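Worksheet for the structure shown next.
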Amino acid sequence: MEPAALRDLLSQTRILVVGDVMLDQYFWGEVRRISPEAPVPVFELGEISHTLGGAANVAANLRGLGAQALLCGLVGADREAEILRELAGKAGIDLSAVIQDPSRPTTVKTRIIARSQHLLRIDNENTSAPSAEIRENLKARLEELLSEVQAVILSDYAKGVLSSPAFCSWVVEEARRRHLPVFVDPKGTRWEKYTGATCITPNRSEFHALAQVLGLGDKSLEEGAREIVQRFETSFTVITLGAEGMFLYHPAEGSWHFPARAREVYDVSGAGDTAVAALTAFYTVGLPLKEAVAYANLCAGIVVGKMGTRPVFWEEFEKALKGGR
């Protein structure tokens, strides 16, 4: 498909992201000396910046590629929520299903970086499942939006929104009842709640953690992926392999390894968000599965060349597609 035709299809595609909305905060500065109070570096703060993280970054990647993105999740009643809403608004993300929960803070990951070196991360979060009242509010919003979209992404960071197996299963079932593809970026090893999704996209460490729980031993990627498809009733699965690219398994068509394009890796933060967003977008507009995975692999390779959590943009993808850098 020609890039112009693909971009036009993406612009007409609406995808709903359900999951753990986060704000990524960066303290940029330098370290020039050791503290006289303790043997620790003294960080001299130069600048503070913010980007969308977690499920919000998945939505930002959809917008970067030109698709329409709707976001469902929770934020607190705090300044960080205001910053997140402002960033998402500028990106053109629909926040009509983002609910304020005063009982919890907006999830914030603060990274302290000195001259491109990641020194420390500070997390401010409440990872408990939301109250029954909040879950009912989320369900009501989702029931309205599921009839307006062409696909659903579950972005699970184990920060609460998808922690309830019953709620997570309800989202999958409601989406599939409407014949919507469901893609999952998983967390942990309790994957029963994802049963029936179209595709689950673990990274290598998540895949091996699940393999241990399932007692798969040292089975190959293909054998393990086959087990995932059978146990969780998915249509296929994609395993992201970091610097080695992606692995696709489809029960009827077999398996393929997509090597990553060689490039310098600056930061892997958010690469999984990019992978699941791009895969969902390209699959939903009707690209053949192998082509959709290849394009998602290309997009993930772009974002690891950026410092910090950043989405991929159509212009970058098109340039890479044509062989540029």
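The values are calculated or read from the model by the stated rules, or taken from the named source; none is laboratory data. Keep in mind that this is a model prediction, so the values were computed, not measured. Glycine gets a Cβ as well: all are built from the backbone with ideal geometry, and neighbour counts include every protein chain shown. To get the accessible areas, we keep the full protein, side chains included, count just its heavy atoms, and leave off ligands, DNA and RNA. Shrake-Rupley method; radii C 1.70, N 1.55, O 1.52, S 1.80 Å.
Things worth noting here:
Residue-by-condition table, conditions (1) out of contact with any helix residue (DSSP H, G or I) (no Cβ under 9 Å at 6 or more places or on another chain); (2) free of Cβ contacts under 8 Å to residues at least 12 places away in the same chain:
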residue	(1), (2)
E133	yes, yes
A140	yes, yes
S147	yes, no
I153	no, no
D156	no, no
S164	no, no
C168	no, no
V171	no, no
E174	no, no
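- Set L71, L45: member being outside any loop (DSSP other than H, G, I, E, B), open to solvent by 60 Å² or more (accessible area, probe 1.4 Å) and not β-branched (V, I, T): L45
- Of all the numbered requirements in (1) of a type outside the set (S, T, N, Q); (2) touching a residue at least 40 places away in the same chain (Cβ under 8 Å); (3) out of contact with any helix residue (DSSP H, G or I) (no Cβ under 7 Å at 6 or more places or on another chain), P3 misses one, and that requirement is (3).
- Criterion (under 24 Å from A175 (Cα atoms) and not polar (S, T, N, Q)) met by exactly one of A60, A81, A5: A60
- Subset of the stretch 92-104 [surrounded by 18 or more Cβ atoms within 10 Å (Cβ to Cβ) and outside any strand (DSSP E or B)]: I93, D101, R104
- Residue selected from the stretch 303-322 under the condition more than 18 Å from the chain's Cα centre (by Cα) and either at pLDDT 90 or above or open to solvent by less than 40 Å² (accessible area, probe 1.4 Å) (or both), by the criterion nearest to F247 (Cα to Cα): A320
- From the list A278, A300, A292, the one residue that fits, being modelled with pLDDT of 90 or more, open to solvent by less than 20 Å² (accessible area, probe 1.4 Å) and under 30 Å from G29 (Cα atoms), is A300.
- Failed criterion for R190 (all others in (1) within 17 Å of E233 (Cβ to Cβ); (2) at pLDDT 95 or above; (3) of a type outside the set (S, T, Y) hold): (2)
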